[in-house]
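The values are calculated or read from the model by the stated rules, or taken from the named source; none is laboratory data. These numbers come from a predicted model, not from an experiment. With ideal geometry, Cβ positions are generated from the backbone for all residues, glycine too; neighbour counts draw on all protein chains shown. Calculation scope for accessible area: heavy atoms of the full protein, side chains included, ligands and nucleic acids excluded. Shrake-Rupley method; radii C 1.70, N 1.55, O 1.52, S 1.80 Å.
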Amino acid sequence: MNRILSGMQPTGNLHLGNYLGALRNWVKLQDLPTPKASADKSTKPTEALAKEGKAECYYCIVDLHAITVPQDPQKLRQSVRETAAAYIAAGIDPAKSTLFVQSAVPAHSELMWILSTYTPLGWLNRMTQYKDKSAKSRDLELLGLYAYPVLMAADILIYRATHVPVGEDQKQHLELTRDIAQAFNRATNSDFFPLPEPQILGEATRVMSLRDGTKKMSKSDESDYSRISLTDDADTIVKKFKKATTDSDVLPDNVKALEARAEADNLVTIYAALNDTTKAAVLKEYAGSGWGKFKPALADLAVAKLAPMTEKMRQLMADPASLDQILIRGAEHANALTQKHLREVKNLVGLWSF
Ligand code: TRP
């Protein structure tokens, strides 16, 4: 059986990019039909997986990764709850998927140490995310930030995961994970770790800023108008789409014509993703329309899709004790599997466990 693992850093202020780029796809993977029901030939990654049938899903909130940059303890704990609420509100069902907080599952950290002894520095020196982050401040030249990708490898390998849904920006880390898995297998003369496949997902992998179609939608953008937050109410959503930067042309009748129009492309991408269709299908409906028509339609669609989620998130956040219960159960489940795998790893390496 396939096993899927993915994770996201805890953050307040989750936005449409987090939902369309990650969460929505995680939900699809959780709800894959059984193999016989999905015999069609399709090239989309989710459907490629569907052909192999149901997968066991593990979704974590990676707070150990979050502390590679300074965090306020109270805010960090609250962000974890908010992120968990967003997972559930987006459709991750704790009865079907294992939903947990990374720091509550100690085997991740323990495996990381072991894997670090199979990871040449040269491999880490190539990681662009470390270079970008540490270049911003000397204070971030930390061992933890440098070793971040090894912890990510441990997150994945401790489950012996076969598939990892991630965005384009995490591809390099996943390649490193495969290299580390291979190095471990070779050194221990085993095939203990499967080589995990990235699932770089569909049309809406990259949701861009509503102010600048060349920048990713981000929680740290200083303009609140650059993003749709998962907690925005209907009026705010309508206002933000109305103010979104666009050119003055009408919508074209083919996807190719969007290539040189970053903002137009982004809005059509968002519409297609929210409506679970393709950009071509959206253009078929709206070719020749101006923004005066398209933007309100997009806002209506976004409100219809996001309002139930926002409401669900609010309910979950209003009852933190129940939310914590879900995370405790998730951690128990994750601990059971990872402790078993950790014992096998230690055994292969010649370490002790009782
Ligand atoms: N590094 C990932 C990101 O920034 C988060 C992450 C940590 C992750 N561990 C993971 C993603 C394991 C997938 C699998 O988005």
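Here are some notes:
- Pairs, first modelled with pLDDT of 95 or more in the stretch 169-181, second within 11 Å of the ligand (Cβ to nearest atom) and open to solvent by 10 Å² or more (accessible area, probe 1.4 Å), C-beta under 6 Å, six or more apart: His173/Met152; Leu174/Pro198
- Tally of residues being more than 14 Å from Ala297 (Cβ to Cβ), open to solvent by 10 Å² or more (accessible area, probe 1.4 Å) and not acidic (Asp, Glu) across the stretch 270-283: 3
- Residues within the stretch 262-293 that are within 26 Å of the chain's Cα centre (by Cα) and among the basic types (Lys, Arg), tallied: 1
- Of everything listed in (1) closer than 30 Å to Lys215 by Cα; (2) away from the ligand (no atom under 11 Å from the Cβ); (3) surrounded by fewer than 18 Cβ atoms within 10 Å (Cβ to Cβ), the single unmet condition for Ala187 is (1).
- Residues within the stretch 233-269 that are of a type in the set (A, V, I, L, M) and assigned to a loop (DSSP other than H, G, I, E, B), tallied: 4
- Qualifying residue in the stretch 119-126 (condition: under 28 Å from Lys28 (Cβ atoms) and of a type in the set (Val, Ile, Thr)): no
- The residues of the stretch 96-123 that are within 22 Å of Leu20 (Cα to Cα) and more than 16 Å from the ligand (Cβ to nearest atom) amount to a single one, Lys96.
- Top-ranked residue of the stretch 190-205 - restricted to ones that are within 13 Å of the ligand (Cβ to nearest atom) and part of a loop (DSSP other than H, G, I, E, B), ranked as modelled with the highest pLDDT: Pro196
- Close pairs from the stretch 1-17: first under 12 Å from His163 (Cα atoms) and open to solvent by 20 Å² or more (accessible area, probe 1.4 Å), partner among the small types (Gly, Ala, Ser) and within 10 Å of the ligand (Cβ to nearest atom), Cβ under 8 Å, at least 6 apart: Arg3/Ala161
- Only one of the numbered conditions (1) at pLDDT 85 or above; (2) within 16 Å of the ligand (Cβ to nearest atom) is not met by Asn13, and that is (1).
- Residues of the stretch 100-156 classified as touching a helix residue (DSSP H, G or I) at 6+ places or on another chain (Cβ under 7 Å) and touching a residue at least 60 places away in the same chain (Cβ under 8 Å), total: 21
- Residue satisfying all of: in the stretch 209-232; part of a loop (DSSP other than H, G, I, E, B) and closer than 14 Å to Ala299 by Cβ; most open to solvent (accessible area, probe 1.4 Å) among these: Asp232
- Positions within the stretch 162-183 being in a loop (DSSP other than H, G, I, E, B) and within 8 Å of the ligand (Cβ to nearest atom), in sequence order: Gly167
- Subset of the stretch 108-158 that is surrounded by 15 or more Cβ atoms within 10 Å (Cβ to Cβ) and among the charged types (D, E, K, R) - its residue that is farthest from Lys340 (Cα to Cα): Lys133
- Residues (open to solvent by 30 Å² or more (accessible area, probe 1.4 Å), in a helix (DSSP H, G or I) and closer than 18 Å to Ser322 by Cβ) located in the stretch 59-98: Arg77, Gln78, Arg81, Glu82
- Asn335, sole failed condition from (1) open to solvent by 70 Å² or more (accessible area, probe 1.4 Å); (2) at pLDDT 95 or above: (1)
- Filter result for Leu316 (in contact with a Leu (Cβ under 7 Å, 6 or more places away or on another chain), over 30 Å from Ile158 (Cα atoms) and either of a type in the set (Lys, Arg) or assigned to a helix (DSSP H, G or I) (or both)): no
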